[in-house]
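Structure first, then comments.
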Amino acid sequence: MKLKFTKERVVPLLLTGIIIVVDQISKAIIAAKWPIGTLIVDVFNNDFLEIWHVRNKAIAFSLGGNVPESLKPVMFIVVPILVLLLLLWYHFTSDDFTNTQRWAFAGILGGGIGNIIDRIFRPEGVVDFVSVKFYGLFGFDRWPTFNVADSSVVVCCILLFITIIVSSIKTKKGTAR
């Protein structure tokens, strides 16, 4: 398959860059100004939204925290880089993505790269700082603390999933006629 560097494929990657920059700047500010474990601010003074400086040496939701230290670089850096490279290749070779899906992919890519940067350059772990009260939903009193990169990955994955479902429904309706 041939790589296709069209405007529709390249322009969404601006979002990737913006997310990486905003993510790394926000993490750098948190890491430079406050010690790990510090409550920085209770935004509404009601425990709903807090800004903390915490570190995560695992992946999303602290999954993989018990993985042996010798395997973490492979599982948390090498494998994600390979997955992102594979997705980038697919992005530039496939005609399957809609424009919205390309933008969602760009957001996922930006968030993934943002956290990989932390895993490589921050030995204390990925900087997380947003803590939201979750009122016992799904067994969480608080949602696991997260950052800009995490937000981007989650929101864009949801958007990508929705657009895939909608496209699938439209395709089925079109073939049913």
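Summing charges over all other residues whose Cβ lies under 13 Å from the Cβ of Pro123, with Lys and Arg as +1 and Asp and Glu as -1, gives +2. The alpha carbons of region 27-176 occupy a box of 57, 39, 28 Å along the principal axes, longest dimension given first.
Sorted by packing (mean other beta-carbon atoms within 10 Å per residue), highest first, where do 125-132, 2-9, 81-88 land?
Numbers: 125-132: 20.9, 2-9: 10.1, 81-88: 12.5.
Ranked from most to least packed, the peptides come out as 125-132, 81-88, 2-9.
The mean sequence distance of close C-alpha pairs (under 8 Å, at least 6 residues apart), as a share of the length of region 27-176, puts its relative contact order at 27 percent. State the Cα centre-to-centre distance between region 99-177 and region 1-71 in whole Å. Comparing the Cα centres of region 99-177 and region 1-71, I get a distance of 11 Å.
Using the average count of surrounding beta-carbon atoms within 10 Å as a protection proxy, the listed peptides 105-117, 11-23 rank, highest first, as 105-117, 11-23.
Taking a span of 24 Å or more along the helix axis (Cα atoms) and a mean Kyte-Doolittle hydropathy of at least -1.0 as the rule, the DSSP H helices of the chain that qualify are 13-33, 99-121, 148-176.
Per DSSP helix of 4 or more residues, -39500 (n - 2.57); summed, then divided by the residues of the chain. What does that give at 222 nm, rounded to the nearest 500? Display every interim value, and only then the final one.
Numbers: 5 runs with 92 residues, N = 177.
Rounded to the nearest 500, it is -17500 deg cm²/dmol.
Could you please rank Phe76, Phe138, placing first whichever residue has the fewest other Cβ atoms within 10 Å of its Cβ?
On the way: Phe76 21, Phe138 6.
By the 10 Å Cβ count, ascending: Phe138, Phe76.
Run the reach check for Lys27 against lysines, Cα to Cα strictly under 16 Å, same-chain hits fewer than 8 apart removed. What comes back? By straight Cα distance, Lys27 reaches Lys57.
Taking the Cα centre of the chain as the origin, how large is its charge dipole in debye, to the nearest 20, when only Lys and Arg (+1) and Asp and Glu (-1) carry charge on their Cβ atoms?
780 debye
Just so you know, all these numbers are worked out from the coordinates, no wet-lab data involved. All of these numbers come straight from a predicted model, not from anything done at the bench. Positions of Cβ are generated from backbone atoms using ideal geometry, with glycine treated the same way; all protein chains shown enter the neighbour counts.
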